[in-house]
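Novice: Input: one structure, supplied below.
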Amino acid sequence: MSFPTVIYGPASLRWETHTTQRRPLGTQLVIPDGRKFRYARAGATALVVGDLLQAPANTANHVNLTPAITAVNSLTPTVAVGATAVVVDEYARGLFVVSVTPGAGLAYEILSNPVNAGSADMVVTLAPGNAIQTALTATSRVDLIRHPYSAVIQHPTTRTGIAVGVAQVALAIDAYGWVQTHGLCAVLTEGTVILGNMVIPSASTAGGVAPQGAATYIAPAIGRVQRVAATAAWSTIFLEIDG
């Protein structure tokens with residue numbers, strides 16, 4: 001079965017929620033006024049409407065892993081997982097990234113992974129069309145990276161991943177729905193934003209945006225201010241997370 005990667009649909013479609021997955025993660029929805037959304041799964045806490053969201057953080061024991069020797073054209077590489085458990089299909093549609101040569105610079109889509117208690121070898125099944133291109137050796141290193149829309153969370157004040165959108169519905173834990181990534185959107189505001197200027201993730205209010213340059217860390221711009229609201233209220237921001 002094939003699925004479209006971009007859906008053009010009615011505005012009401014952005015409100016749909018599911019307790020089981022019905023579309024590929026990251027599927028883009030474009031509604032008639034040009035606003036864009038991505039299909040996502042909520043992480044370990046329920047999402048709050050109008051909050052800026054972040055991709056799941058990387059797991060320290062699931063990066064810089066040592067692979068088994070793996071031949072070219074294999075779809076089932078094995079890696080030695082560190083001391084953090086892996087749940088079934090935690091990395092499905094994520095990436096198997098080779099970060100140290102041999103094979104460095106190549107990234108492969110993951111089809112599935114089994115349960116692993118941690119500190120044990122794990123066979124990762126790569127998606128069709130993602131066979132290993134350069135043989136892996138014991139000196140290669142591999143990172144397991146989740147799909148950015150696989151378990152989205154409220155953007156923390158100290159970021160641990162990339163910003164991926166703004167919540168449009170109060171998605172329950174592990175539920176599926178749409179998050180906005182482009183176009184005019186109401187977003188929680190911290191500080192005094194300026195009409196027409198860029199905003200960035202807030203360093204003091206989780207889920208909020210702040211004036212560019214106001215945060216204590218360098219952060220990527222989320223979008224431009226169309227209407228200024230008071231701090232702790234929701235300004236209208238033209239999101240530019242998706243082009």
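Novice: Pop the C-beta distance of Ala68 and Val88 into the FRET formula with R0 = 35 Å and round what comes out to the nearest 0.05.
Specialist: Working: r = 21 Å, r/R0 = 0.59.
Result of the calculation: an efficiency of 0.95.
Novice: While we're looking at this one, here's another question. May I ask you to compute the full-extension gain from Asp242 to Tyr8, defined as 0.36 nm times their residue separation minus their alpha-carbon distance, rounded to one decimal in nm? Don't jump to the answer; show the numbers that get you there.
Specialist: Details: separation 234, 0.36 × 234 = 84.24 nm, distance 1.53 nm.
Stretched out fully, the Asp242 to Tyr8 stretch lengthens by 82.7 nm.
Novice: Please name whichever of Gln154, Leu126, Pro4 sits farthest to the positive end of the charge dipole of the chain, dipole taken about the Cα centre and charges placed at Cβ: Lys and Arg +1, Asp and Glu -1.
Specialist: Value computed over the given set: Pro4.
Novice: Starting from the 7 Å offset along Cα-to-Cβ, what nm value, one decimal, do you get for the label separation of Ile194 and Asp121?
Specialist: Distance between the two pseudo-spin positions: 5.9 nm.
Novice: What size of dipole, in debye to the nearest 20, comes out for the chain about its Cα centre when the only charges are +1 on Lys and Arg C-beta atoms and -1 on Asp and Glu C-beta atoms? Spell out each step's value before the answer.
Specialist: Numbers: 13 positive and 12 negative charges, 69 e Å.
I would put it at about 340 debye.
Novice: Which value in nm describes the separation of the simple spin-label points at Gln21 and Ala229, placed 7 Å from the Cα toward the beta carbon?
Specialist: The modelled label-to-label distance comes out at 3.2 nm.
Novice: I need the chymotrypsin sites (Phe, Trp or Tyr not before Pro) found in region 1-71, filtered to DSSP loop residues with at most 13 other beta carbons within 10 Å of theirs. Before the final figure, lay out each step's value.
Specialist: Values: sites: Tyr8, Trp15, Phe37, Tyr39; in loops: none.
In loop regions of region 1-71 (DSSP not H, G, I, E or B), there are no sparsely surrounded chymotrypsin sites (Phe, Trp or Tyr not before Pro).
Novice: Out of region 148-235, which chymotrypsin sites (Phe, Trp or Tyr not before Pro) are coil in DSSP terms and have no more than 15 other C-beta atoms within 10 Å? Don't skip to the answer; put the middle values down first.
Specialist: Working: sites: Tyr149, Tyr176, Trp178, Tyr217, Trp234; in loops: Tyr149, Tyr217.
Here the chymotrypsin sites (Phe, Trp or Tyr not before Pro) that fit, given the DSSP loop and packing criteria, are Tyr217.
Values quoted throughout were computed directly from the atomic coordinates according to the rules given, and no laboratory measurement underlies them. Since the model is a prediction, treat every value here as computed from it, not as a measurement. Here the Cβ is made from the backbone with ideal geometry for all residues, glycine too, and neighbour counts use every protein chain on show.
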